[in-house]
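The values are calculated or read from the model by the stated rules, or taken from the named source; none is laboratory data. For clarity, every value in this text was computed on a predicted model and none was experimentally measured. Methodologically, a virtual Cβ is constructed for each residue, glycine included, from the backbone with ideal geometry; neighbour enumeration extends over all protein chains shown. The accessibility values were calculated without ligands, DNA or RNA, using every heavy atom of the protein model including side chains. Shrake-Rupley method; radii C 1.70, N 1.55, O 1.52, S 1.80 Å.
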Amino acid sequence: MAKRLLGGIRDRTAIAGVGYTSFSKDSGVSTLTLACEAILAALDDAGLTPDDVDGLATHRVGDSAPPSTVGPALGLPAPSWYLDQFGGGSVSHSVIAQAALAVAAGMADVVVCYRAINARSEFRMGRAANPAPEAAFQAPYGYVAPAQMYAMYARAHMTKYGTQPEHFGAIAVTERAAAAKNPRALMRTPITLDDYLASRWIAEPFRLLDCCLETDGACAVVVTTTERARDLPHPPVLITAAAFGGGSHPFDGPDMTVSAAAELSPRLYSMAGLGPADVDVAQIYDCFTYSVVVQFEDYGFCAKGEGGLYAASGSAVPYNTHGGFLSEGYVHGINHIAEAVSQLRGDAGDRQVPGAEVALSTAQPGYVLAATSALILRKDT
Amino acid sequence: MSDRDSAGWRSAVANGDFVIQQCSTCDTRRFPPREFCSVCHSRTWQWQPVEPTGTIESWIVDHTFAPGTTIVMVRLTNAPTCVMYGRWLAETAPSAGQTAHAVFTDDALIDWH
Ligand SMILES: [Zn+2]
């Protein structure tokens, strides 16, 4: 049976605005306040006001203000579509996909998608209880944290394909160099491979610099029809393809070195009518360095097993141009989407990828929960 | 730490039995315990004793959440679709493909050496 999920809405919706709070280790305010600040900033960027908004969407794991609280807090006059999705990074991009679906179907005209977290000062994701039922068979052994799980998968990849610590290190160094050009980024001091190798162990084979930051902050993006977006101040960034799901196997399935993204990516590219060779800039979910390695493979940028070599080659597609979660900050996926928008608008300043027309942005690749999501965004030409 | 799907397995381990589920309809072996067979969707199953050995698929050495603990991922010899986690008790570090033997703990868990 042909998979045509969302294929019918190719380019029918667009991202018209992005907004951020500042990123920090202690925002000093509630997630509700963070959400409102990012949403108002995104609307201002889009040339819209709260009166224009009829939909709000987020994802959370019990750690943030829901749309049904944020809507009244902003005095939205006509909320008609709320999405409050349970889940972490793996669903981060499906929130935008579902907003696009709602807008394309006429359920809403202007949907603001947001993620607001105090992930350092209030709710530390890395120390949160694993919500999956599998935890009953893992947690009693001290196997509790995403850092451990990704370290386990990284080791399997190292064993099977000879991936080296230096490959992971190259990703950390590359993303820090990108962050140095990003005024929003929390970690802007360049690092070397030696700094990476000298950083302390978290869970071998992962060192501190393999792991993303824990961040307080929020980010929001405005989704509307492409038609309406063309009347707004910024050039529209088209939502060309959106996919979620994948992951027919549990996360300790037959091959530890393959993520749910391998099942999702053919569907995503098919919806876009594009392939990895068409992607000018990639924002790859980088909860840990290894997640970049496995996604370069599973999104088809290189052969299986060569993701580390590819990432470290210096000739990889420009990736995580904002510094990623490793160095810009961790807003659970939506800051990758916002950076892709900036690159396609051509307003990324010192870190602009010249002539970027097509961007891939991806979610947690389905290792922690066996599903993922991703977007292909395109400049309106 | 136990839930309604895991309680039966935990009881078996407490009795010193190394078991996994086996579908009574299509013989597919599965772990962790699940009521429905993901292959044939039957909910008729039994606890199947299997050899308490496996091969090391991967491992980590934790320095943060359970400092000093080596945690292994083990694929069972007689049920290669089944993976278990546990602490590694041997003196030497594990290596990929190495045979691991189950150890029943006093608190009804499975470790490996
Ligand atoms: Zn069956």
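Among the residues of region B:82-93, write down those that are among the aliphatic types (A, V, I, L, M) and more than 9 Å from chain A (Cβ to nearest Cβ).
Within region B:82-93, B:LEU89, B:ALA90, B:ALA93 qualify.
Out of all the residues in region B:10-18, is one or more charged (D, E, K, R), modelled with pLDDT under 95 and more than 21 Å from A:MET158 (Cα to Cα)?
Scanning region B:10-18 turns up at least one residue that is charged (D, E, K, R), modelled with pLDDT under 95 and more than 21 Å from A:MET158 (Cα to Cα).
Search region B:17-35 for residues being within 13 Å of the ligand (Cβ to nearest atom) and within 13 Å of another protein chain (Cβ to nearest Cβ), and hand back the single one that is least open to solvent (accessible area, probe 1.4 Å).
Initial filter on region B:17-35 (within 13 Å of the ligand (Cβ to nearest atom)): B:21-30, B:34-35.
Next, from what is left, pick out any that are within 13 Å of another protein chain (Cβ to nearest Cβ): B:21, B:30, B:34-35.
Working: B:GLN21: 3, B:ARG30: 26, B:ARG34: 68, B:GLU35: 67 Å².
Ranking the candidates gives B:GLN21 first.
Within region B:38-58, which residues are open to solvent by less than 40 Å² (accessible area, probe 1.4 Å) and away from chain A (no Cβ under 14 Å)?
From region B:38-58, those open to solvent by less than 40 Å² (accessible area, probe 1.4 Å) are B:42, B:50, B:53-54, B:56, B:58; that's our starting set.
Passing the criteria: B:SER42, B:VAL50, B:THR53.
Look at B:ALA96 and say whether it is of a type outside the set (Val, Ile, Thr), within 8 Å of chain A (Cβ to nearest Cβ) and part of a loop (DSSP other than H, G, I, E, B). Explain how you work it out, then say what you get.
Working: of a type outside the set (Val, Ile, Thr): yes; within 8 Å of chain A (Cβ to nearest Cβ): yes; part of a loop (DSSP other than H, G, I, E, B): yes.
It is true that B:ALA96 is of a type outside the set (Val, Ile, Thr), within 8 Å of chain A (Cβ to nearest Cβ) and part of a loop (DSSP other than H, G, I, E, B).
Pick from A:GLY349, A:GLY329: which is more than 16 Å from the chain's Cα centre (by Cα) and either closer than 28 Å to A:ASP216 by Cα or not aromatic (Phe, Trp, Tyr) (or both)?
A:GLY349
Can you tell me which condition B:ASP106 does not meet? The list is (1) within 12 Å of chain A (Cβ to nearest Cβ); (2) under 18 Å from B:VAL13 (Cβ atoms); (3) modelled with pLDDT under 95; (4) more than 9 Å from the chain's Cα centre (by Cα), and all the others hold.
(1)
Could you go through region B:74-81 and let me know if any residue there is more than 25 Å from B:THR28 (Cβ to Cβ) and either facing chain A (nearest Cβ under 10 Å) or among the β-branched types (Val, Ile, Thr) (or both).
Checked region B:74-81: no residue is more than 25 Å from B:THR28 (Cβ to Cβ) and either facing chain A (nearest Cβ under 10 Å) or among the β-branched types (Val, Ile, Thr) (or both).
Only residues that are over 23 Å from A:GLY162 (Cα atoms) and among the hydrophobic types (A, V, I, L, M, F, W, C): list them for region B:58-87, please.
Correct list: B:PHE65, B:ALA66, B:LEU76, B:ALA79, B:CYS82, B:MET84.
Residue by residue, here is whether (1) open to solvent by 10 Å² or more (accessible area, probe 1.4 Å); (2) assigned to a helix (DSSP H, G or I) holds:
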| residue | (1), (2) |
| --- | --- |
| A:ASP51 | yes, yes |
| A:HIS59 | no, no |
| A:GLY62 | yes, no |
| A:PRO72 | yes, yes |
| A:PRO79 | yes, no |
| A:GLN85 | yes, no |
| A:SER92 | no, yes |
| A:VAL95 | no, yes |
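Need pairs with beta-carbon distance below 8 Å; first residue without any contact (Cβ under 8 Å) to a residue 12 or more places away in the chain and within region B:40-60, second within 15 Å of the ligand (Cβ to nearest atom); sequence gap 6+ or separate chains.
Note: pairs meeting the criteria are B:ARG43/B:GLU35; B:ARG43/B:PHE36; B:ARG43/B:CYS37.
Regarding A:GLY329, is this residue surrounded by fewer than 24 Cβ atoms within 10 Å (Cβ to Cβ) and not in a helix (DSSP H, G or I)?
It is false that A:GLY329 is surrounded by fewer than 24 Cβ atoms within 10 Å (Cβ to Cβ) and not in a helix (DSSP H, G or I).
Check off (1) over 20 Å from the mean Cα position of the chain (by Cα); (2) at pLDDT 95 or above; (3) surrounded by fewer than 23 Cβ atoms within 10 Å (Cβ to Cβ); (4) more than 9 Å from chain B (Cβ to nearest Cβ) for A:ALA132 and give me the number that stays unchecked.
It is condition (2) that A:ALA132 fails.
Can you find a residue in region A:162-181 that is of a type in the set (Val, Ile, Thr) and open to solvent by less than 10 Å² (accessible area, probe 1.4 Å)?
Within region A:162-181, one or more residues are of a type in the set (Val, Ile, Thr) and open to solvent by less than 10 Å² (accessible area, probe 1.4 Å).
Can you say whether B:ASP107 is among the charged types (D, E, K, R), out of contact with any Pro (no Cβ under 7 Å at 6 or more places or on another chain) and either open to solvent by less than 70 Å² (accessible area, probe 1.4 Å) or away from the ligand (no atom under 16 Å from the Cβ) (or both), as far as the supplied structure shows?
Answer is yes for this residue.
Yes or no: region B:75-89 includes at least one residue that is within 30 Å of A:CYS211 (Cα to Cα), away from the ligand (no atom under 16 Å from the Cβ), open to solvent by 30 Å² or more (accessible area, probe 1.4 Å) and not basic (Lys, Arg).
Yes, there is a match, as at least one residue in region B:75-89 is within 30 Å of A:CYS211 (Cα to Cα), away from the ligand (no atom under 16 Å from the Cβ), open to solvent by 30 Å² or more (accessible area, probe 1.4 Å) and not basic (Lys, Arg).
For region A:157-244, give me every one of the helices (runs of 4 or more DSSP H) that falls completely inside it and has 1 or more residues that are at pLDDT 95 or above and within 14 Å of chain B (Cβ to nearest Cβ). Explain how you work it out, then say what you get.
On the way: elements: A:165-179, A:193-198, A:226-229.
Helices (runs of 4 or more DSSP H) meeting the threshold: A:165-179.
Can you pull out the residues in region A:182-206 that are without any contact (Cβ under 8 Å) to a residue 12 or more places away in the chain and open to solvent by less than 70 Å² (accessible area, probe 1.4 Å)?
A:SER199, the sole residue that qualifies.
Would you be able to tell me the number of residues in region A:208-240 that are within 23 Å of the chain's Cα centre (by Cα) and without any contact (Cβ under 8 Å) to a residue 24 or more places away in the chain?
1
Which one of the conditions (1) surrounded by 14 or more Cβ atoms within 10 Å (Cβ to Cβ); (2) more than 8 Å from chain A (Cβ to nearest Cβ) does B:VAL61 fail to meet, given that it meets all the rest?
(2)
Kindly indicate whether any position in region B:1-8 is open to solvent by less than 40 Å² (accessible area, probe 1.4 Å) and within 12 Å of another protein chain (Cβ to nearest Cβ).
yes
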